[in-house]
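The values are calculated or read from the model by the stated rules, or taken from the named source; none is laboratory data. If you're wondering where the values come from, they're calculated on a predicted model, not measured in any experiment. Neighbour counts run over all protein chains shown; Cβ positions are idealised from the backbone, glycine included. When the accessible area is computed, the model is the full protein with side chains, heavy atoms only, and any ligands, DNA or RNA have been set aside. Shrake-Rupley method; radii C 1.70, N 1.55, O 1.52, S 1.80 Å.
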Amino acid sequence: MHSQEDYFLLDLSVSNSDLAGVNLTDAAAVEDYIAQQARLQNSKVAYGGYLEERNLYQRSQHFKNESIEERNIHIGVDLWTQAETAVICPIDGWVHSFKNNDSIGDYGPTIILKHKLENHTFYTLYGHLSLESIKNLKTGMLFKKGELLGNLGNSSENGDYAPHLHFQIIKNMETYKGDYPGVCSKSDLNFYMENCPNPNLLLKIKN
Ligand SMILES: [Zn+2]
């Protein structure tokens, strides 16, 4: 969506002491913090978060269940920039499924593409899109590399986050449709690291 110089690495992990002063439950506060970092870095798109352990999810029941270990390790990459920014398809793919995952803290509008490279099938997930992005989609539709897949949603439609794309590679979709876990618990990490390799394999952001 931009050239290499437009990306800067953003640390949203529990070890970033800067975040102590940011209300992570407030989408607008997070958006302001990221915009401020972008100005400091003279850059446009904050990215990062693969295998990052985060406090970001503690507000949402979506990631908590008293009987289950907390899910707070992020297994995709996030690209933070303005709402409505175009999301460009990184590789040819067919629409596997799409859905508006509309609980607070969830993905909001989400698209999953299916890809074939030589004999390998794998999937990519695009979360926190605008509602418009999934309006005229059909399962099986082909998107070519470089085509407009959708646009970033705002906090009223994207699960109540500062605008960003959650991008994740998934080898085995299991039985999921329009959804797939984007964070996991420590005890499931080995499985998810294997099933969801580093998204930068496709994005190739340097830094
Ligand atoms: Zn994410």
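Does the stretch 130-151 contain any residue that is within 12 Å of the chain's Cα centre (by Cα), touching a residue at least 12 places away in the same chain (Cβ under 8 Å) and open to solvent by less than 30 Å² (accessible area, probe 1.4 Å)? Walk me through how you get there before you give the answer.
Filtering the stretch 130-151 for residues within 12 Å of the chain's Cα centre (by Cα) gives none.
No, every residue in the stretch 130-151 fails to be within 12 Å of the chain's Cα centre (by Cα), touching a residue at least 12 places away in the same chain (Cβ under 8 Å) and open to solvent by less than 30 Å² (accessible area, probe 1.4 Å).
Considering every residue within the stretch 13-36, establish whether at least one is within 15 Å of the ligand (Cβ to nearest atom), part of a strand (DSSP E or B) and within 24 Å of Glu194 (Cβ to Cβ).
Within the stretch 13-36 (the criterion being within 15 Å of the ligand (Cβ to nearest atom), part of a strand (DSSP E or B) and within 24 Å of Glu194 (Cβ to Cβ)), the answer is no, since none of the residues qualifies.
Hey, can you tell me all the residues within the stretch 173-202 that are aliphatic (A, V, I, L, M) and buried (at least 17 other Cβ atoms within 10 Å of the Cβ)? Spell out how you get there, then give the answer.
Quick first cut of the stretch 173-202, residues aliphatic (A, V, I, L, M) only: 173, 183, 189, 193, 201-202.
Scanning the stretch 173-202 gives Met173, Val183.
Of everything in the stretch 92-129 that's of a type in the set (Asp, Glu) and in contact (Cβ under 8 Å) with a residue 12 or more places away in the chain, which residue is surrounded by the fewest Cβ atoms within 10 Å (Cβ to Cβ)? Before you say what the answer is, go through the steps one by one.
Of the residues in the stretch 92-129, the ones of a type in the set (Asp, Glu) are 92, 102, 106, 118.
If we keep only those that are in contact (Cβ under 8 Å) with a residue 12 or more places away in the chain too, we end up with 92, 102, 106.
Numbers: Asp92: 15, Asp102: 13, Asp106: 21.
Ranking the candidates gives Asp102 first.
Hey, among Leu137, Leu149, which residue is part of a strand (DSSP E or B), aliphatic (A, V, I, L, M) and on the phi < 0 side of the Ramachandran plot?
Working: Leu137 fails: part of a strand (DSSP E or B).
None of the others qualify; the one that does is Leu149.
In this structure, does Tyr192 turn out to be more than 21 Å from Leu24 (Cα to Cα), within 16 Å of the ligand (Cβ to nearest atom) and part of a loop (DSSP other than H, G, I, E, B)? Before you say what the answer is, go through the steps one by one.
Details: more than 21 Å from Leu24 (Cα to Cα): yes; within 16 Å of the ligand (Cβ to nearest atom): yes; part of a loop (DSSP other than H, G, I, E, B): no.
Against the criterion (more than 21 Å from Leu24 (Cα to Cα), within 16 Å of the ligand (Cβ to nearest atom) and part of a loop (DSSP other than H, G, I, E, B)), Tyr192 does not qualify.
Name the residues in the stretch 1-18 that are surrounded by 13 or more Cβ atoms within 10 Å (Cβ to Cβ) and either of a type in the set (Asp, Glu) or touching a helix residue (DSSP H, G or I) at 6+ places or on another chain (Cβ under 8 Å) (or both), would you?
Asp6, Phe8, Leu10, Asp11, Leu12
Is the stretch 120-130 home to any residue that is touching a strand residue (DSSP E or B) at 6+ places or on another chain (Cβ under 8 Å), in a loop (DSSP other than H, G, I, E, B) and either closer than 26 Å to Asn198 by Cβ or of a type in the set (Asp, Glu) (or both)?
Yes, the stretch 120-130 contains a residue that is touching a strand residue (DSSP E or B) at 6+ places or on another chain (Cβ under 8 Å), in a loop (DSSP other than H, G, I, E, B) and either closer than 26 Å to Asn198 by Cβ or of a type in the set (Asp, Glu) (or both).
Any chance the stretch 81-90 includes a residue that's more than 17 Å from Gly182 (Cβ to Cβ), within 16 Å of the ligand (Cβ to nearest atom) and β-branched (Val, Ile, Thr)?
Yes: the stretch 81-90 contains one or more residues that are more than 17 Å from Gly182 (Cβ to Cβ), within 16 Å of the ligand (Cβ to nearest atom) and β-branched (Val, Ile, Thr).
Mind counting the residues in the stretch 1-12 that are at pLDDT 90 or above and either among the hydroxyl-bearing types (Ser, Thr, Tyr) or out of contact with any strand residue (DSSP E or B) (no Cβ under 9 Å at 6 or more places or on another chain) (or both)?
Looking only at that region, the number is 1.
Please go through the stretch 155-172 and give me each residue that is open to solvent by 10 Å² or more (accessible area, probe 1.4 Å), of a type in the set (S, T, N, Q) and within 16 Å of the ligand (Cβ to nearest atom), ordered by number.
Within the stretch 155-172, just Ser155 meets the criteria.
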